[in-house]
1. Peptide A:57-65: average number of partner chain Cβ atoms within 10 Å per residue?
2. How many nm is it between the label spots at residue A:57 and residue A:40, if each spot is 7 Å from the Cα in line with the beta carbon?
3. Of the listed pairs A:50/A:107; B:10/B:36; B:107/B:170, which have alpha-carbon separations greater than 24 Å here?
4. Within 10 Å of each Cβ in B:138-151, how many Cβ atoms from other chains are there, averaged over the peptide?
5. Which Rg and Dmax, in Å, describe the Cα atoms of the range B:134-213?
6. Could you list the chymotrypsin sites (Phe, Trp or Tyr not before Pro) in the range B:58-110 that lie in coil according to DSSP, counting only those with at most 16 other Cβ atoms within 10 Å of their Cβ?
7. What translational diffusion coefficient, to the nearest whole µm²/s, does the protein assembly as shown have by Stokes-Einstein, given a Kirkwood radius computed over alpha-carbon pairs, a temperature of 37 °C and 0.692 mPa s viscosity?
8. Based on the mean of other Cβ atoms within 10 Å per residue, sort peptides B:25-34, A:60-69, B:114-123 so the most packed one is first.
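Every read-out reported here was derived from the displayed coordinates using simple, explicitly stated rules and does not represent laboratory data. Because the structure is a prediction, the values reported are computed rather than measured. Using ideal geometry, Cβ is built from the backbone for each residue, glycine included, and neighbour counts are taken over all protein chains shown.
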Amino acid sequence: MLQGVQIDLISEDRLSRLTSMEKVRLILDDVMEGNIVVLEKGLAPDEASKLIELTMREIRPDGFSGIEMETYPESEAPAGLSGIFSRLMKKRPGSRLTVIGPANQMKMIKKEKDLISAWVSSR
Amino acid sequence: MSFLIRARKKFSRFLRFFLKKNRSRIGIYGPPNAGKTTLANRIVRDWTGDAVGPVSEIPHETRRARRKENITITGTNGGSIVIDIVDTPGVTTKIDYHEFLEYGLDKEEAIVRAREATEGVAEAMHWLREDIDGVIYVLDSSLDPFLQVNIMMVGIIESRKLPVIIVANKIDLPDAAPARIKSAFPQHPVVSISGLEGRNVENLYEQMTEFFG
Ligand SMILES: Nc1nc2c(ncn2[C@@H]2O[C@H](COP(=O)(O)OP(=O)(O)OP(=O)(O)O)[C@@H](O)[C@H]2O)c(=O)[nH]1
Ligand SMILES: [Mg+2]
């Protein structure tokens, strides 16, 4: 068989049809199989919180060691707007492209406001 | 402790009787090893004389949240707050016991530490969801903010709509660059301190009375 790493890109449409728990479970099951998951639309804060907790429960010595998960910071409000006004202008939190992978195979090598660079090894 | 703090500590004890019983719980959050417990100990020592918990260069030293009740902090402007300080385990998305072997722990100890650390992370998240009224988010200013900060974690804190103060810690280190942290968090107050040496903690107390009051 071909050596390599599977990458699953999950569309916003697909994600929006799932409940929070289904989303989190789908991602975690996928990553635990050694795959890289790219979400077109990131998780809501509550979902991210659930994902962290569920990840902690799945960690085993010499087995699954957790996830790497990165997304971009929320876009800054246009200059000149401040306080409440800039809050209103901000996009819904957790709405950006997100990459998630197994921690033992994926390393973030560079991360800036607008660029994420990751390195992935096959198992 | 400086003379100023000592004088205000007396004043704080006096005030405690008059302030409302309904104290806010301030959680000290941040990645493993950022200096959360060192800072919690300093705050608690400065204002009550006690300590919160042990500190270590090995990550995940704190694996249970610890609360210290009834701390009255008075700023230089005379404003006072009474809070509980909650020192939390460092939040991360990955824990591998092999990391602890490099610090000289044997395999069994390392595996236990890793398991406790996973429980600690879940506990820290639980406190944030249920029992925290304000957050001090501690970062190591000698490290790249974008690589150490989990943006998800920041999103989770922001979504709770809690008051947040960002602490750029360890400014005593030669490669500290707190300006990077300031530019990473344009929407939040950022205070640069050394929790270890106590540099600029006065300023943090000032901000705390302002934002957690
Ligand atoms: N140079 C320097 N070192 C610090 C400072 N604050 C903490 N440290 C050191 O950083 C290490 C970790 O400190 P802790 O206070 O245990 O960090 P923590 O965030 O509570 O870590 P966990 O509980 O493991 O998540 C220890 O070796 C401290 O002595 C600081 O302001 N400057
Ligand atoms: Mg600690």
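1. For peptide A:57-65, the averaged partner shielding equals 5.
2. 3.0
3. Details: A:50/A:107 22 Å; B:10/B:36 26 Å; B:107/B:170 31 Å.
In this structure, B:10/B:36; B:107/B:170 exceed 24 Å between Cα atoms.
4. Numbers: counts 0, 0, 0, 0, 0, 0, 3, 1, 10, 6, 1, 2, 6, 13.
Across B:138-151, the average partner-chain Cβ count within 10 Å equals 3.
5. Rg and Dmax of the range B:134-213, Cα atoms, are 12.2, 35 Å.
6. Numbers: sites: B:97, B:100, B:103; in loops: B:97, B:103.
Answer in residue order: B:103.
7. Estimated diffusion coefficient is 156 µm²/s.
8. Final packing ranking: B:25-34, B:114-123, A:60-69.
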